[in-house]
Structure formats: C-alpha cells, structure tokens
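Student: Please see the structure below; I have some questions.
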Amino acid sequence: MAFFQFSSGSNTAIGRELPEDVMIQILVCLPVKSILRFRCVSKSWHAMLKSHNFINSHLISQKRRDVLLVRRCLLPPQNDDVLSFHDPNSPELEEVSPNLSIPFLKDIKCRYNQPYEIAAVVLLGLSNGLVCIFHEEFIILCNPALREFKRLPPCPFVCPQGCYFFIIGHGFGNTSNNDFKVVLLQNVDPDTYWKPHLVVNVYDSTTKSWKQIDAGDTMQLAFGGCMAYFEVFFNGVCHWYAKRNGLNFNHAILCFDISTEVLGWLEYPDISSIEHGWRSLFVINGCLAVAWYDRFKEDPVEIWVMKEYGVKYSWTKQFVIGPFVDYFYPFLAWKNEWLLMDKADEYKIDQLDERAEVIQAWYMDDSDEDQRLPHHKNPKEFVSFEKLDELGVLSWKLDADNYETDPELKKIRESRGYSYMDFCEVCPEKLPNYEEKIKNFFEEHLHTDEEIRYCVAGSGYFDVRDRNEAWIRVWVKKGAMIVLPAGIYHRFTLDSNNYIKAMRLFVGDPIWTPFNRPHDNLPARKQYVETFVQKEEGVGQAVDAAA
C-alpha cells in the first residue's frame with residue numbers, strides 16, 4: 001500500500017509505504033460511504049478494510065457520531081423491509097444515509113407471495129457494531145456500517161417425540177474478546193400434560209457451531225415475550241421479561257451470562273397493578289431499567305431503574321413521562337435523556353425528566369364544573385416542561401421528606417437569593433376563612449415578584465396563561481417546587497384531595513399583594529410580556545391582556 005507525498009519545493013511525487021497501523025488511524029476517521037468506496041482500490045486495501053482489527057477501530061471512532069438505526073417496513077410501491085439511519089439530534093429524526101434493504105425478508109415475500117408477520121422478525125443489537133435479525137426460517141448477522149449481511153447456520157434443535165416447542169426469547173451479545181453469541185430460548189412441552197422445561201440454544205462465533213443447555217424444570221417460564229421490548233443485553237448478560245412458574249406466577253427477569261453460559265433470575269420491581277401493564281427492558285445511565293404503564297388507563301409511563309445490579313431493593317422509580325393519549329411502547333433510552341417510543345409505523349421521542357413524577361401540565365377545557373376537577377380537554381392535550389420553561393415557569397423535583405437538610409434545596413435558595421421561608425397549609429381545617437381565601441386564590445391575578453411554592457405534602461393546581469391566552473393547568477404534588485415569574489397571570493386551587501402544605505420562599509421581606517386582572521400597566525406585567533409573550537420572532541405587539 002502506498003501513499004504519495006509532494007516534497008517541498010518540488011513537483012515530484014515520492015512514493016512512501018505507510019505502516020498498516022498508520023493507515024488505519026487515517027481511514028477510521030472517514031465515513032462509511034468512503035470506506036466502501038476505498039475497498040475497490042486494491043485487494044490489499046479490500047482485505048485491510050474488512051479485517052477484524054479495522055472494523056473494531058472504525059466502530060470505536062464512529063461511536064462519537066450519533067446515528068440511530070431503525071427497522072422500517074415500507075408500504076407499496078417500495079414494499080420492502082429496510083434499516084434506516086437517522087440523526088437523533090434532529091427534531092424529525094432526519095435520515096442521514098440511504099436505506100439498507102434486508103434481502104432475506106424480501107425473499108420470504110417473493111417465495112410465499114404474501115406479507116409475513118412483521119412481529120415475527122426480531123432485531124437485537126447493536127452489539128460491537130453488529131445487529132442480529134431473527135426469523136423462524138433464519139438468523140442473519142448484519143454489519144450496518146459495511147452494509148453487509150451474513151446468514152448463520154440454523155439451530156439444529158430437534159423436538160423430542162411426543163412434545164412440541166415454541167421460541168420464547170432471543171438473545172445476542174458480544175463476549176469480552178469481541179466474539180459474539182446468539183441465544184434462542186425454547187419451551188418444550190409434552191403433549192399429554194402441561195409441564196414445560198426450558199432449553200437454551202447457543203451459537204458461538206468462535207466455534208461457528210451451536211450447543212444446547214437443558215435447564216430442566218428448575219428454570220420454567222410461564223410467559224416470555226418474543227419482542228425486542230422484552231429483552232436486552234447488558235453487563236455481558238442477556239435479560240428477558242418473564243414469569244416464573246408457581247402458585248403466583250411471579251414476575252421476574254430471566255438472565256443468561258453469555259461468557260459463563262449460566263442461567264439466573266433478577267427480581268422485578270414492586271409495581272402495583274403490574275398484571276395489566278405494558279413493560280419494556282432497556283438500559284439507562286449504565287443501569288438496567290424497566291418501563292411500565294397500565295394499558296387500561298391513560299397513566300404516565302413509569303421508568304424503574306436498578307441502581308445496584310442484582311439487588312432487588314435498589315429498584316427506584318426514577319422517571320415518569322407522559323401520559324399519552326395513544327399507545328407508545330418504550331424500548332430505547334438515548335443519551336440517558338430521551339426515550340424512543342414505538343407505535344406500529346410511528347416513532348416519537350420523549351424527554352426523560354424526573355420532574356414528571358410530581359408535576360404534570362395540560363390545556364384546560366372551558367367547563368364551569370368544580371374547579372377542583374382536572375378539566376382536561378377532549379382529547380387530552382398535555383404540556384411539556386419545555387413549553388412551561390418558555391413561559392418562564394420553572395420547576396424542580398426535590399426530596400420533600402428531608403427538606404430541612406436537602407442540599408439541592410439549599411443550592412437553589414442560595415443561587416436565587418430566597419432568604420425568606422415559611423409554610424402555608426391550605427385545607428378547610430387549617431386555613432382561617434377558608435372559603436373566602438380559596439375563592440380569592442382562584443381569581444386571575446399577578447404579582448410584582450416571583451411566586452415560589454414548594455409542595456411538601458398534598459397537591460394542588462396552578463393555572464397559567466400561555467401566549468395565546470389559553471389556560472394551562474399545572475398539577476403539583478409532594479416534592480414539586482414551582483416558580484411563577486413576576487407579571488404572569490395565574491390562579492390557584494386545590495384538587496379533589498382538598499389539602500396542600502407548601503413552603504413559601506421569597507427574596508427579602510415577603511410581599512404577597514395580588515393584582516387582579518387587568519393590571520397591564522404594571523412594570524412587572526410589561527416586563528413579562530416583553531420577555532416571554534413577545535419572545536417568538538414575528539410577534540410585533542403585546543397580547544391585549546385586557547381583552
């Protein structure tokens with residue numbers, strides 16, 4: 001292999017043979033498109049660019065670039081099953097490379113002259129830059145960077161006479177020495193009675209062969225999901241959502257260490273109403289995580305994180321997102337900040353924000369019913385934290401059980417100058433002149449200073465106006481701290497629980513004077529309109545707040 005360099009002061013090209021490691025250092029910085037083109041330079045280049053050493057080095061280099069790989073089923077006229085490449089940092093997941101057709105799946109369509117069941121194809125990975133594609137007729141290894149596919153030998157398992165079997169899980173991951181293993185879980189049931197036992201089939205890339213591990217009756221599965229949502233490779237171990245056989249069919253996570261080839265169990269988090277929930281396994285912040293929500297209710301999605309791997313009591317409800325009007329199945333955490341959600345042929349990204357566990361916001365209807373009711377629009381229209389930030393409404397999730405010693409609260413108070421603090425309990429039993437005061441709280445008004453409230457018990461609603469004068473209801477629960485900017489029109493009411501205990505904070509001596517609407521001449525209101533209402537480009541005049 002030769003590179004050519006011009007010597008200074010001369011037009012003569014001097015051929016210099018570069019060491020292969022130097023060549024690799026240069027070429028790993030190039031995009032995949034260039035690598036594919038350079039493989040045609042010569043046989044030696046082709047061999048180098050396909051070598052294990054180069055592929056690993058290029059993979060490490062490319063990990064610095066954010067690319068999201070998505071399997072898509074294209075409708076006619078394309079009528080194809082492809083892998084598409086997207087920029088996760090773009091709002092619409094912009095495609096950054098041509099689609100990669102999966103040829104084996106297209107062959108199935110041609111052979112049977114009819115579509116195959118989309119859910120019958122499972123993709124696992126990326127693991128060391130490879131994707132594994134499972135179908136009942138084949139197992140394919142794909143290198144998306146090189147746009148290459150390789151068909152693996154079929155699993156040689158033969159079902160014993162008088163039994164039947166079905167696949168209950170798939171696994172794929174790389175070992176410490178960068179080789180990989182493929183795992184197929186099978187339940188084998190006798191025809192005469194229901195007493196299944198678990199069989200684990202393992203393909204090892206080092207031996208290029210399959211082996212079989214019979215787990216017997218000690219490792220029985222009552223149910224396992226054959227979908228990517230239910231399985232994840234983490235920490236050198238394949239994990240599957242499952243139920244252990246027994247009187248109570250306990251929910252659990254089945255584990256298979258691909259290095260030691262040993263099966264085991266992890267305890268599931270203690271989630272209420274788990275029988276009716278949809279659940280997904282994935283990894284976030286370097287920890288195993290479970291996403292769960294009740295499919296019969298429009299509840300938020302709960303993200304439970306195992307802070308210490310293998311320790312049941314370390315499961316913590318870390319995030320809450322949504323709720324969503326439509327069903328979206330969570331299956332991938334991105335950069336520990338975003339959750340990719342799947343719904344048939346539609347994808348969406350939602351921000352992982354622990355504040356959602358104690359704060360939710362939505363647009364209100366125009367009903368005159370009890371002010372303590374949620375007053376959702378139909379259909380429901382939720383509001384993001386980003387939207388609240390644009391209106392100047394700030395919020396935090398804090399440790400309400402330890403507010404006296406909470407370092408995060410101390411940090412906020414010091415940085416924002418909240419020198420004054422007291423408590424206020426709002427309920428019929430604790431607040432003098434309750435009926436009159438709760439009526440005054442619900443009058444639309446503003447303050448000339450920030451309104452800071454930290455809910456240490458109970459819950460309640462703060463209603464704020466958006467830029468178009470629509471009401472947004474902000475529901476705060478225990479642990480929620482909210483700051484309403486000076487000059488914003490708002491109101492407060494209890495929810496149906498009829499109780500809130502809030503810490504009130506202030507800069508200097510407190511001034512609680514409300515200015516009922518309209519008070520658009522106040523400097524605080526003018527400043528708010530200029531800073532937040534007219535913030536968007538193209539808005540030329542202030543909203544007529546008195547209209």
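Student: Within the range 147-190, track down each residue that is assigned to a loop (DSSP other than H, G, I, E, B) and either at pLDDT 80 or above or open to solvent by less than 20 Å² (accessible area, probe 1.4 Å) (or both).
Tutor: First, pick out the residues of the range 147-190 that are assigned to a loop (DSSP other than H, G, I, E, B): 147, 152-162, 175-179.
Across the range 147-190, the qualifying residues are Arg147, Leu152, Pro153, Pro154, Cys155, Pro156, Phe157, Thr175, Asp179.
Student: For the range 418-432, give me the residue count where each residue is loosely packed, with under 11 Cβ neighbours inside 10 Å and under 16 Å from Glu450 (Cβ atoms). Give the steps one after another, and end with the answer.
Tutor: Start the filter on the range 418-432 by keeping residues that are loosely packed, with under 11 Cβ neighbours inside 10 Å, which leaves 422, 429, 432.
In the following step, the residues that additionally are under 16 Å from Glu450 (Cβ atoms) were identified as 422.
So the answer is 1.
Student: Regarding Cys40, is this residue modelled with pLDDT under 75 and either outside any helix (DSSP H, G or I) or surrounded by fewer than 14 Cβ atoms within 10 Å (Cβ to Cβ) (or both)? First the steps, then the outcome.
Tutor: On the way: modelled with pLDDT under 75: no; either outside any helix (DSSP H, G or I) or surrounded by fewer than 14 Cβ atoms within 10 Å (Cβ to Cβ) (or both): yes.
No: the conditions fail for Cys40.
Student: For the range 218-232, check the following and say yes or no: at least one residue is under 22 Å from the mean Cα position of the chain (by Cα), open to solvent by 20 Å² or more (accessible area, probe 1.4 Å), aromatic (Phe, Trp, Tyr) and at pLDDT below 80.
Tutor: yes
Student: Give me the residue from the range 519-547 that is touching a helix residue (DSSP H, G or I) at 6+ places or on another chain (Cβ under 9 Å) and either open to solvent by 70 Å² or more (accessible area, probe 1.4 Å) or in a helix (DSSP H, G or I) (or both) and, out of that set, modelled with the lowest pLDDT.
Tutor: Residue satisfying both the conditions and the ranking: Glu536.
Student: Can you work out which of the residues in the range 43-78 that are surrounded by 13 or more Cβ atoms within 10 Å (Cβ to Cβ) and part of a loop (DSSP other than H, G, I, E, B) is modelled with the lowest pLDDT?
Tutor: Asp66
Student: Kindly state which strands (runs of 3 or more DSSP E) lie completely within the range 399-478 and contain at least 3 residues that are among the aromatic types (Phe, Trp, Tyr).
Tutor: Working: elements: 420-426, 451-465, 471-477.
The strands (runs of 3 or more DSSP E) meeting that bar are 451-465.
Student: Would you please name the residue that is modelled with the highest pLDDT, looking only at residues in the range 237-264 that are open to solvent by 40 Å² or more (accessible area, probe 1.4 Å) and touching a Phe, Trp or Tyr at 6+ places or on another chain (Cβ under 9 Å)?
Tutor: Applying the filter and picking the extreme gives Val262.
Student: Let me ask another. Would you check which residues across the range 279-329 are at pLDDT below 70 and in a strand (DSSP E or B) and list them?
Tutor: Of all residues in the range 279-329, those at pLDDT below 70 come to 294-299, 322-329.
Passing the criteria: Asp294, Tyr329.
Student: Against the definition (open to solvent by less than 60 Å² (accessible area, probe 1.4 Å), under 20 Å from Phe492 (Cβ atoms), under 32 Å from the mean Cα position of the chain (by Cα) and at pLDDT 95 or above), how does Leu409 come out, yes or no? First the steps, then the outcome.
Tutor: Working: open to solvent by less than 60 Å² (accessible area, probe 1.4 Å): yes; under 20 Å from Phe492 (Cβ atoms): no; under 32 Å from the mean Cα position of the chain (by Cα): yes; at pLDDT 95 or above: yes.
So Leu409 fails the test.
Student: Please specify each residue of the range 479-500 satisfying the condition of being in contact with an Asp or Glu (Cβ under 7 Å, 6 or more places away or on another chain), surrounded by fewer than 21 Cβ atoms within 10 Å (Cβ to Cβ) and in a loop (DSSP other than H, G, I, E, B).
Tutor: Ala486
Student: What's the number of the only condition in (1) modelled with pLDDT of 65 or more; (2) open to solvent by less than 90 Å² (accessible area, probe 1.4 Å) that Gln25 fails to meet?
Tutor: So Gln25 meets the others, but not (2).
The values are calculated or read from the model by the stated rules, or taken from the named source; none is laboratory data. It should be emphasised that the depicted structure is a prediction, and the values quoted were computed from it without experimental measurement. Virtual Cβ from ideal backbone geometry, glycine too; neighbours counted across all protein chains shown. Calculation scope for accessible area: heavy atoms of the full protein, side chains included, ligands and nucleic acids excluded. Shrake-Rupley method; radii C 1.70, N 1.55, O 1.52, S 1.80 Å.
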